[in-house]
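Enquirer: Got a structure for you, questions after.
Read the figures in this text as sums done on the coordinates, not as results from a lab. Please read all numbers here as calculations on a predicted model, not as lab measurements. Virtual Cβ from ideal backbone geometry, glycine too; neighbours counted across all protein chains shown.
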Amino acid sequence: MGLGLVIGSAARADQSVTLTWNPSSSSDLAGYMVLSSSDGTNYVNQMDAGTNTVWSVTGLQDGTTNYFEVEAYDVNHNASPPSNPVECIVPETTQTPAAPPMLAAVPDQSVNVGSIVLVTNTVTDANVPPRQITFSLGAGAPAGTSISTNGVFEWDPACEQGSTTNLITVWALDNGMPALSNSVSFEVTVGACVRVTIGSSAVLIGNETSVPINLYSTVGLTNLSFSLATLAGRFGNWGFAASNPGLVTAAVQAPDASQPQFNLAVPSGQALLGASSLGTISVQALASGDSAFAPLTVNSIVATASDNTQVGSVFVSPGRVVLIAGQPLLEASLSNGSNPGVTLYGTPGSNYTVMSTTNLSPPITWTSFTNFILPTPVQFITPGPYTNQMEFFRALQQ
């Protein structure tokens, strides 16, 4: 066809080139064929451009030399002589490597048991466009620690974690291919913690009873003092029996029998540390008054460490004494921590009838649930299959 075509331009953008040429005036033109070569001699690659006079070639490799020609063809695929060749050199490019996420430094933290430490981690991503960042905690993070999707570290230390220094490592991972990560570390120091647990008991009025007292301390203690608040006029003759008389000595003061004061101490050179049973608190239940739940609430507690400083984080679990007189007591409770039921407190050897109803609106219809002779002062009663409805109980002594 001898059209004498020429390539008007070869404009490079990134790893591609755009070719343009003068259109053919032939009446039987069917299209154009773009030919490429890597040596300017063997044009082995062909790309059919149709009737377009602009064609883009993509996927060129950095640092390579490429040659292009254009031929016109008719409906019978007869080709014209090729245009003059055009050379295109693809220069080397320097691609900025992907940048890992950068976490801002976090100062060391201090926290007491009973408080929450919060750290908002800040991350910078230099990639364009920014990548998605996922946060996680490194190996060895203490139990109870967590980090949110937006990088907020949170920890509410337990008493057992008191008096410790903990290394926290926060990782930021992006979603690139390959994924890049970075980390920041800081320390969290947890202050000393002391926990005192008072036990419970049930007793017939007029008799003596005792409740255990247990201690957990993350720092060595030499002295522990506290008072108990309970019902007025129901107790007398408070005492304390140490589990290890050679380790703990006690002084009990009770000018007001509803507010006894206990002062515990250890010999010089020794200390109470970790979990220990301190002993038992004894008391006489006075032979007067109705059945009642008498709380044993710990007040004014002071824990003195071996260095003669007072521990700031001191926690208590109160106890109680169930006083059993002529009237039985019923209490909703759980057996083995999971099975719902009621606990009956009464006089051993007495005959009790337990009744139930599902409605306390008059007229109330009580149905006998069970009847038995109480073998001990405390008896757990299982109501039966779970019915997902409110149920009320009462006990009568026969």
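Enquirer: Which order results if Thr376, Thr209, Thr365 are arranged by neighbouring Cβ count within 10 Å, fewest first? Mind dumping the intermediate values first?
Expert: On the way: Thr376 11, Thr209 19, Thr365 8.
Least crowded to most crowded, the residues run Thr365, Thr376, Thr209.
Enquirer: Here is a further query. Using bins 20 angstrom wide from zero, how does P(r) for the chain break down, in % of all Cα pairs?
Expert: 18, 25, 21, 11, 13, 11, 0
Enquirer: If you average 1/r across every pair of different Cα atoms in the stretch 329-397 and take the reciprocal, what Kirkwood value do you get, in Å? Display every interim value, and only then the final one.
Expert: On the way: mean 1/r = 0.0788 Å⁻¹.
When all Cα pairs of the stretch 329-397 are included, the Kirkwood radius is 12.7 Å.
Enquirer: Quick check on the stretch 291-375: take the gyration tensor over C-alpha atoms, sort the square-rooted eigenvalues as a ≥ b ≥ c, and tell me if it's rounded (a/c under 1.5), prolate or oblate. Don't skip to the end; give the middle numbers.
Expert: Working: a/c = 3.17, a/b = 2.54, b/c = 1.25.
Verdict is prolate for the stretch 291-375.
Enquirer: OK, next. Which of Pro107, Pro130, Pro91 ends up with the largest GNM mean-square fluctuation for the chain, with Cα atoms connected below 10 Å?
Expert: Pro91
Enquirer: Sort Ile373, Ile324, Ile301, Ile133 so that the residue with the fewest other Cβ atoms within 10 Å of its own Cβ comes first and the one with the most comes last.
Expert: Working: Ile373 10, Ile324 23, Ile301 16, Ile133 20.
Final ranking by Cβ density, sparse to dense: Ile373, Ile301, Ile133, Ile324.
Enquirer: Two-decimal Rg/Rh of the stretch 96-255 from alpha-carbon positions, Kirkwood Rh?
Expert: Details: Rg = 25.4 Å, Rh = 20.2 Å.
Ratio of gyration radius to Kirkwood radius: 1.26.
Enquirer: Another question, then. Under the rule a/c < 1.5 gives rounded, and otherwise a/b versus b/c splits prolate from oblate, where does the stretch 259-340 land using the Cα gyration tensor?
Expert: Working: a/c = 2.85, a/b = 1.86, b/c = 1.54.
Prolate is the answer for the stretch 259-340, as a/c is 1.5 or above and a/b outweighs b/c.
Enquirer: What fraction, in whole percent, of alpha-carbon pairs in the stretch 102-190 exceed 23 Å separation?
Expert: Working: 993 of 3916 pairs.
Result: 25 percent of Cα pairs exceed 23 Å.
Enquirer: Also: Largest first and in whole Å, what are the equivalent-ellipsoid semi-axes of the stretch 79-125 based on the Cα gyration tensor, each being the root of 5 times an eigenvalue?
Expert: On the way: eigenvalues 803, 26, 4 Å².
For the stretch 79-125, the ellipsoid semi-axes come out as 63, 12, 5 Å.
Enquirer: For Asp74, Asp125, Asp48, which order do you get if you count the other beta carbons within 10 Å of each Cβ and list the fewest first?
Expert: Working: Asp74 16, Asp125 19, Asp48 11.
Sorted ascending by nearby Cβ count, the order is Asp48, Asp74, Asp125.
Enquirer: Determine the distance separating the Cα centre of the stretch 306-327 from the Cα centre of the stretch 209-231; give it in Å without decimals.
Expert: Each part's Cα centre sits 6 Å from the other's.
Enquirer: Relative to the compact-globule scaling 2.2 N^0.38 Å, provide the ratio for the alpha-carbon radius of gyration of the stretch 7-89. Intermediate results must be reported in sequence, preceding the final value.
Expert: On the way: Rg = 12.5 Å, N = 83, 2.2 N^0.38 = 11.8 Å.
Here the answer is 1.06, to two decimals.
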